[in-house]
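A.B. asks: Below you will find the structure I want to go over with you.
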């Protein structure tokens with residue numbers, strides 16, 4: 001131990017040792033001459049008389065340990081409290097000293113002082129404050145009853161606790177689910193936050209990647225963290241351009257008739273898109289530029305405006321329609337309706353000689369119900385339908401037209 005440099009030289013000897021030397025000299029030992037003994041006695045008495053004050057004020061030698069650091073000190077003190085006061089040590093309400101301040105001290109005694117420190121501990125987000133006289137993080141946690149086996153600490157367990165105290169974060173192991181890059185894994189982690197978890201698992205986020213939760217989110221048991229990889233691309237492709245349709249009136253065609261005079265032709269263009277993919281799947285596509293490389297050709301359709309001639313009142317031929325008059329309409333009517341102009345199908349959808357639906361009847365200029373029109377009117381409308389769409393309008397009986 002190091003001796004306090006401020007102690008007076010006489011303090012090196014305790015009270016008992018000093019007086020033992022004095023007594024030995026004063027009493028003398030056998031075999032010494034009376035003259036020599038008297039001379040020594042005179043010298044000792046002179047020293048005693050001259051050093052009376054020094055002996056009266058003899059210091060006490062004590063090993064003083066403050067927060068684990070031990071020093072040999074010498075002070076003119078009879079109690080622990082006097083020793084501490086002499087050393088300028090003031091104790092707070094939470095500090096401890098052993099023995100107690102009122103205890104008597106003698107040479108060779110040990111006095112231990114521990115200052116209290118404030119320890120703020122946050123365990124998985126729940127914070128508590130303690131006062132402790134322990135000197136390291138590990139011993140302080142044990143002293144306050146916090147089990148931290150396998151946990152992550154924000155400071156080393158062996159870190160000394162200074163008198164300024166410490167704020168400590170403790171994260172216990174938890175099982176969480178991590179979904180990233182096409183994989184779903186259950187991991188046990190002591191990472192305090194989701195950001196720390198990603199670092200722990202070696203996952204790096206791109207500038208456009210997204211997380212299902214904030215990186216600052218605390219990790220809790222059962223948490224699911226999903227990483228979505230976002231990829232942004234520019235895609236250029238050749239596309240077809242649809243043609244427009246233009247209708248023009250024609251006095252050469254009857255009302256209800258149409259004729260394509262210019263076939264429409266599709267064009268083409270080069271289109272550039274900004275595409276966003278999430279984990280490889282397109283989630284958005286925006287046109288940013290388009291250049292027409294081939295213009296489409298507009299389709300032109302003539303629409304008839306000429307009034308139709310009155311229907312013939314005769315018994316079978318109806319109005320004349322070029323290219324259809326020579327067909328066997330009577331055979332078709334016999335097949336479709338048994339030649340009955342007023343017949344209606346059992347479901348009410350089809351009418352007359354040629355079993356017109358009401359919508360088809362009206363598409364070829366008919367009015368009212370087909371089954372209420374004359375036979376010649378029905379035949380005329382059937383001829384117009386044939387000119388427009390062919391014999392396929394009567395899937396079963398249409399072949400009769402050619403017999």
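A.B. asks: Right, residue 300: closer than 30 Å to residue 249 by Cβ, assigned to a strand (DSSP E or B) and in contact with a strand residue (DSSP E or B) (Cβ under 9 Å, 6 or more places away or on another chain) or not? Step through it out loud before you land on a result.
C.D. replies: Details: closer than 30 Å to residue 249 by Cβ: yes; assigned to a strand (DSSP E or B): yes; in contact with a strand residue (DSSP E or B) (Cβ under 9 Å, 6 or more places away or on another chain): yes.
Yes, satisfied.
A.B. asks: What is the residue count in the stretch 91-110 for residues that are in contact with a strand residue (DSSP E or B) (Cβ under 7 Å, 6 or more places away or on another chain) and under 15 Å from residue 133 (Cβ atoms)?
C.D. replies: Here the count works out to 6.
A.B. asks: OK, next. Tally up the residues in the stretch 330-378 that are in contact (Cβ under 8 Å) with a residue 24 or more places away in the chain, part of a helix (DSSP H, G or I) and within 15 Å of residue 397 (Cα to Cα), please.
C.D. replies: 6
A.B. asks: Based on this model, can you work out whether residue 220 counts as assigned to a loop (DSSP other than H, G, I, E, B) and closer than 17 Å to residue 184 by Cβ? Show your work before the answer.
C.D. replies: Working: assigned to a loop (DSSP other than H, G, I, E, B): yes; closer than 17 Å to residue 184 by Cβ: no.
In short, no.
A.B. asks: Here's something else I'd like to know. Looking at the stretch 120-131, which of the residues that are closer than 20 Å to residue 150 by Cα and in contact (Cβ under 8 Å) with a residue 24 or more places away in the chain is surrounded by the most Cβ atoms within 10 Å (Cβ to Cβ)?
C.D. replies: By that ranking, first place goes to 121.
A.B. asks: Looking at 147, 184, 163, 69, can you tell me which residue is loosely packed, with under 12 Cβ neighbours inside 10 Å, over 30 Å from residue 223 (Cβ atoms) and not assigned by TED's automatic domain parsing to the domain that holds residue 59?
C.D. replies: Details: 147 fails: over 30 Å from residue 223 (Cβ atoms); 184 fails: over 30 Å from residue 223 (Cβ atoms); 69 fails: not assigned by TED's automatic domain parsing to the domain that holds residue 59.
The unique qualifying residue is 163.
A.B. asks: I'd like to check which strands (runs of 3 or more DSSP E) are fully inside the stretch 52-128 and have at least 1 residues that are farther than 25 Å from residue 153 by Cβ and within 57 Å of the chain's Cα centre (by Cα). Before the answer, list the steps.
C.D. replies: Working: elements: 60-66, 69-75, 96-98, 109-114, 117-123.
Ranges flagged: 60-66, 69-75, 96-98, 109-114.
A.B. asks: Which one of these is under 25 Å from residue 122 (Cβ atoms), buried (at least 16 other Cβ atoms within 10 Å of the Cβ) and out of contact with any helix residue (DSSP H, G or I) (no Cβ under 8 Å at 6 or more places or on another chain): 197, 211?
C.D. replies: On the way: 211 fails: out of contact with any helix residue (DSSP H, G or I) (no Cβ under 8 Å at 6 or more places or on another chain).
None of the others qualify; the one that does is 197.
A.B. asks: Looking at the stretch 143-153, is at least one residue outside any strand (DSSP E or B), within 27 Å of the chain's Cα centre (by Cα) and touching a residue at least 40 places away in the same chain (Cβ under 8 Å)?
C.D. replies: Yes, the conditions are met somewhere in the stretch 143-153.
A.B. asks: Looking at 168, 203, can you tell me which residue is part of a loop (DSSP other than H, G, I, E, B) and surrounded by 14 or more Cβ atoms within 10 Å (Cβ to Cβ)? Step through it out loud before you land on a result.
C.D. replies: Numbers: 168 fails: part of a loop (DSSP other than H, G, I, E, B).
None of the other options fit; the residue is 203.
A.B. asks: Looking at 320, 268, which is the one that is surrounded by 11 or more Cβ atoms within 10 Å (Cβ to Cβ), modelled with pLDDT under 95 and either over 28 Å from residue 253 (Cβ atoms) or not assigned by TED's automatic domain parsing to the domain that holds residue 252 (or both)? Lay out the reasoning, then the answer.
C.D. replies: On the way: 268 fails: modelled with pLDDT under 95.
None of the others qualify; the one that does is 320.
The values are calculated or read from the model by the stated rules, or taken from the named source; none is laboratory data. Note that the structure is predicted; figures quoted are calculated from it, not measured. Cβ: placed from backbone, ideal geometry, glycine included. Neighbour counts: every protein chain shown.
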